[in-house]
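Right, one structure below, let's go through it.
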Amino acid sequence: MTLTNKKIGRLSAVDGKRVSLSVGDGLTIRVHPSGRKSWVFRLYRDGRVIDETIGHWPEMSIKHARQAVREKRKRAALEPPAGFTLRDAFRLWCAVKKKSISSYSEERRRIERHVMSALARRQIDEITAPIVISHLKALEAEGKQATLKRLLMRTREIMSFAVCAGYVKHNPLEDVSRVFSPPKTTPMPALHWRELDTACGAFVGAPDGMRLLFLFSACSMLRPGENAALRWSWIEGDVITIPAEAMKKRKAFRVPVTPLMARLLNAARGLGTGRRSAFVFPGRERGKPVSSQALAKYLHSSPLSGRLVAHGLRSMARSYLADHEAPFEVAEMCLAHAVGSSASRAYQRSDYLSTRRDLMADWSKYVEDCARRAGLELP
């Protein structure tokens, strides 16, 4: 019969005598009168039969027992049975990372496209650094060093999961990144904070929803995706509480609502779509928020293309705070950045809400002044 872990759990000795069942490829499970179940590998060598106990169930599952037999048959120059594949390790990675990284969906699609599409069915013990390097080097030739770097990191993680799960003994990809040149990083385009009126000028004549999204994004200092996904239910009084699952670091975050932000929210509520949606900035599709790339696309089509991206508004705000001598920890908290070591963060749990309120009010007042100078309509 085809053995599964469930069926193995029901096996027992017969009339007080040991029972042995063959799994195939020399693997047998022995059920002892005591109830103990042992995995035994049988090898014929030099006319002799050699039985070796390789583990016990349930500590060693049937899949792990087959993987162990695969290794032993390979060493004995015998045809090895199929064992764990790279897809098995990828499933482990998905199960853990699905709830722990905000970019999970994007990361998974990237891995499936560039790695799993060709290597998913490979036996895990056949995955080597040369195979991965050969498969991904085309990305380097295309100048996609950033994509290459992330794929190498994630593939290395997947193999580390395989080691922890007992699929393989070591990770052959530990130092694979050394083969490729590191990607060149360039900061996202951003204007100096003194040029904010120039940025405001690019939104004169923009649709009402886009104008409000720009002004609110400039004031809130949130990431583009966090602004786009903002829900009315997260706003209570003069505080926005964004739940952990909607934040990049998977930690709930409070944002003080400045007077200008409150006016912008009221204006957004007054728009036709705003009255019917759960989202502050609803998208064209019913029940969906505006795209996290909406502001970026507008800037790309404006005279500021190449000079300012949506994320650059955070840089402008952060530089303004620095030039106005805002305390470092408080300024970083305005951007929802983690500061200090894990130990220091375990002790320092304040989010500086009161202090941030004053700093953000000053910044919002500056945003309002720049908008007026640029002729940008304000609520």
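By accessible area, using a 1.4 Å probe on protein heavy atoms only, the chain has 50% of its surface on carbon and sulfur. Stokes-Einstein diffusion for segment 20-154, with the hydrodynamic radius set to the Kirkwood value over Cα pairs and evaluated at 4 °C in a medium of 1.567 mPa s, equals 74 µm²/s. Descending by average beta-carbon neighbour count within 10 Å, the peptides 156-169, 50-63, 294-307 line up as 156-169, 294-307, 50-63, the highest first. Structure note, pairs Lys6/Lys63; Lys297/Lys365; Lys99/Lys251; Lys37/Lys63; Lys6/Lys169; Lys144/Lys251: Cα-Cα distances above 22 angstrom occur for Lys297/Lys365; Lys6/Lys169; Lys144/Lys251. Scanning residues 5 or more positions from Val23 or on other chains, those with amide H under 5 Å from its amide H are Thr28, Ile29, with H placed 1.01 Å from N in the peptide plane.
For Ile240, the residues whose modelled amide H falls within less than 5 Å of its own, excluding neighbours fewer than 5 places apart on the same chain, are Val255, Val257.
Of the options (i) 21.2, 64; (ii) 29.3, 95; (iii) 21.1, 69, only one is Rg and Dmax of the Cα atoms in Å as computed from these coordinates, and that is (ii). Helix 259-270 and the long axis of the chain differ in direction by around 80°, with both axes built from C-alpha atoms. Treating r as the C-beta distance of Ala13 and Ser103 and R0 as 45 Å, the FRET efficiency rounds to 0.30.
So what's the angle, to the nearest 10 degrees on a 0 to 90 scale, between helix 62-75 and the longest Cα principal axis of the chain? The angle comes out at about 70 degrees. The stretch between Gln145 and Lys297 holds 52.4 nm of extra length on full extension. This uses 0.36 nm per residue minus the Cα-Cα distance. Rounded to the nearest Hz, the phi-derived 3J(HN,Hα) couplings of segment 15-30 under the Karplus curve 6.51 cos²θ - 1.76 cosθ + 1.60 (θ = phi - 60°) are 6, x, 10, 5, 10, 10, 10, 7, 9, x, 6, x, 8, 9, 10, 10, where x marks glycine and proline.
In order along segment 330-335, phi translates into HN-Hα couplings of 5, 4, 5, 5, 4, 9 Hz, rounded to whole numbers, per the Karplus curve 6.51 cos²θ - 1.76 cosθ + 1.60 with θ = phi - 60° and x for Gly and Pro. Charge dipole of the chain (Cα centre as origin; +1 on each Lys and Arg Cβ, -1 on each Asp and Glu Cβ, all else neutral): 1700 debye, rounded to the nearest 20. Derived scalar couplings between HN and Hα for segment 341-351 equal 6, 4, 5, 5, 6, 5, 8, 8, 10, 6, 9 Hz in order, rounded to whole Hz, by the Karplus curve 6.51 cos²θ - 1.76 cosθ + 1.60 (θ = phi - 60°), x for Gly and Pro. Compute the long axis of helix 129-141 from its Cα atoms, compare it with the longest principal axis of the Cα atoms of the chain, and write down the angle in degrees, 0 to 90, nearest 10. Helix 129-141 and the main axis of the chain meet at about 30 degrees.
Arranged from highest to lowest average of other beta-carbon atoms within 10 Å per residue, in what order do the peptides 85-92, 246-253 appear?
Those peptides, ordered most packed to least, come out 85-92, 246-253.
Rounded to the nearest 500, the helix-only mean residue ellipticity at 222 nm of the chain stands at -13000 deg cm²/dmol, with each DSSP H run of n ≥ 4 adding -39,500 (n - 2.57).
Accessible surface area normalised per residue over the chain is 55 Å², counting heavy atoms of protein chains with a 1.4 Å rolling probe. Only the Cβ atoms of Lys and Arg (+1) and of Asp and Glu (-1) were treated as charged; on that basis the dipole of segment 228-379 about its Cα centre amounts to roughly 720 debye. Computing FRET efficiency as 1/(1 + (r/R0)^6) for Glu325 and Val179, where r is the C-beta to C-beta distance and R0 is 35 Å, gives about 0.15.
The values are calculated or read from the model by the stated rules, or taken from the named source; none is laboratory data. Not measured: the values here are computed from a predicted model. Cβ coordinates were reconstructed from backbone atoms using ideal geometry, including for glycine residues, and neighbour counts include every protein chain displayed. Areas reflect the complete protein model, heavy atoms only, side chains present, ligands, DNA and RNA absent. Shrake-Rupley method; radii C 1.70, N 1.55, O 1.52, S 1.80 Å.
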